[in-house]
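Take a look at the structure below.
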Amino acid sequence: MTTLQRIAVLGLGRMGEAIATRLAAQDREVVGWTRSGRASATVRTTGDPNEAVARADLVLLALFDGPACRQVLDDVRASLRADTVVVNTSTVAPAEASALARRLGPSYVHAPVLGSVAAAEAGTLRILAAAGHHTLDAARPVLETLGTVRRVDDASTAAALKLIADNSLAGAVLALRDSLRQADALGLPRAQTLDILELGQLGGLVARKRGFLLGEPPAPTAQSSIAAPAKDVTPPPGASDAPLRGATGLTGTSADAQAGIAVAATVPAVEDAVLEPLRAYVRGHATGDPAHFREAFLPTAHVEGIRDGTFVSWRLDEYCALFPGRPAPDEPARTRRIDAVDVHGTVATATMTLSHGADTFTDVFLLVRADDGWRIANKAYHRHSWESGSVRVDVPHGLSTDGRPPTRPVPPVGRRPAGR
């Protein structure tokens with residue numbers, strides 16, 4: 001088997017630089033190129049990607065996203081030799097991975113990696129590799145220099161598994177964030193909280209990021225920047241037809257690059273101004289006074305959902321007319337909580353769960369920041385009835401409307417309120 005000794009690494013961000021450095025340390029001839037033009041401190045670089053690939057036995061991509069991969073490969077396509085193997089370690093959508101595999105044919109290896117910069121430096125990455133047997137066998141010695149190779153059937157599957165792995169990491173980080181917020185609210189010392197969390201399912205994450213979470217000086221080697229993890233855990237357009245909750249709100253977070261994705265665990269809670277219209281909305285239900293809904297919603301807002309089997313779309317005046325101006329008879333037994341709020345500049349989305357007697361409602365809001373503050377632009381809702389036998393699933397990390405940890409739903413009592 002021909003040994004692939006001459007390697008071009010296209011993309012010298014933190015991960016690409018670590019990969020290139022690791023390969024060069026294993027006595028391979030490495031030349032790097034980066035779109036920013038930044039020179040590497042550890043490997044030879046060139047300002048022309050065509051020069052980098054012209055003599056390469058293997059071209060390795062470590063780029064930011066799918067569009068970057070397409071653009072760079074289009075730029076160097078004429079310089080690729082027929083026998084050059086192209087290995088793509090970038091995180092892209094499944095459809096993008098399939099398109100790249102079709103474009104480059106049997107010489108393409110889609111090989112997204114699981115692990116940090118430190119893992120790349122140590123050669124302990126986990127690599128999901130999709131390619132024909134002959135091509136993968138040719139690339140395997142290079143990949144095994146970087147870590148453990150797991151063969152996957154096709155490029156789309158490899159890309160999808162990478163997204164799922166990253167999304168699970170986002171879930172763990174957000175769970176850690178919520179635990180730390182609750183501990184702070186209860187006045188618990190941070191070190192003691194981390195001691196206990198390290199004993200549980202979040203233990204590995206806490207152990208790796210403990211120094212950062214305690215505010216200690218960062219280690220000398222950067223693990224990852226916040227922009228790339230946030231991008232990876234938010235599925236790219238077209239990644240799936242099913243909605244996935246990603247780590248929205250991480251992108252744009254200001255942090256020392258050394259902190260890595262652990263910075264998400266210390267992102268401040270949503271500002272009170274965003275929650276005010278949601279609290280006014282809750283007051284409207286609690287009192288039956290429609291004046292609170294007029295405070296919460298924009299005058300142009302609509303409320304939409306299915307009522308008695310029929311789709312309804314109420315203007316704000318029509319919605320307010322449903323409320324009698326007094327609390328429901330079973331108001332003391334009703335509960336409401338804010339499950340999630342995601343802020344994107346001047347717009348936000350929110351989800352709320354309302355337990356009203358025999359019914360549970362899921363309310364989904366679109367909010368905008370207007371001149372006089374945040375207001376609800378529109379609301380859509382779905383009704384779940386205990387009487388109809390439907391099952392309610394609680395969200396474990398929600399917020400109660402008064403800022404306390406969420407309470408368990410009460411047993412069903414009473415009838416469906418007229419106000420819905």
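A few notes on this one:
- Members of segment 340-357 that are part of a strand (DSSP E or B), open to solvent by 10 Å² or more (accessible area, probe 1.4 Å) and either modelled with pLDDT of 90 or more or among the aliphatic types (A, V, I, L, M) (or both): ALA340, VAL341, VAL343, VAL347, THR349, THR351, THR353
- Within segment 128-148, tally of residues that are surrounded by fewer than 20 Cβ atoms within 10 Å (Cβ to Cβ) and more than 19 Å from ALA20 (Cβ to Cβ): 7
- Residue match in segment 294-301 (condition: outside any helix (DSSP H, G or I) and loosely packed, with under 15 Cβ neighbours inside 10 Å): yes
- Residue match in segment 312-334 (condition: surrounded by fewer than 19 Cβ atoms within 10 Å (Cβ to Cβ), of a type in the set (A, V, I, L, M) and within 25 Å of ASP178 (Cβ to Cβ)): no
- Residue within segment 361-374 that is free of Cβ contacts under 8 Å to residues at least 24 places away in the same chain, surrounded by fewer than 17 Cβ atoms within 10 Å (Cβ to Cβ) and not in a strand (DSSP E or B) present: yes
- Here ALA159 does not qualify as in contact with a strand residue (DSSP E or B) (Cβ under 6 Å, 6 or more places away or on another chain) and crowded, with 23+ Cβ neighbours inside 10 Å.
The values are calculated or read from the model by the stated rules, or taken from the named source; none is laboratory data. Quick caveat: nothing in here was measured; it's all calculated off a predicted structure. Ideal geometry is used to build each Cβ from the backbone, glycine not excepted, and the neighbour counts take in all protein chains shown. Ligands, DNA and RNA are excluded from the accessible area calculation, which covers all protein heavy atoms including side chains. Shrake-Rupley method; radii C 1.70, N 1.55, O 1.52, S 1.80 Å.
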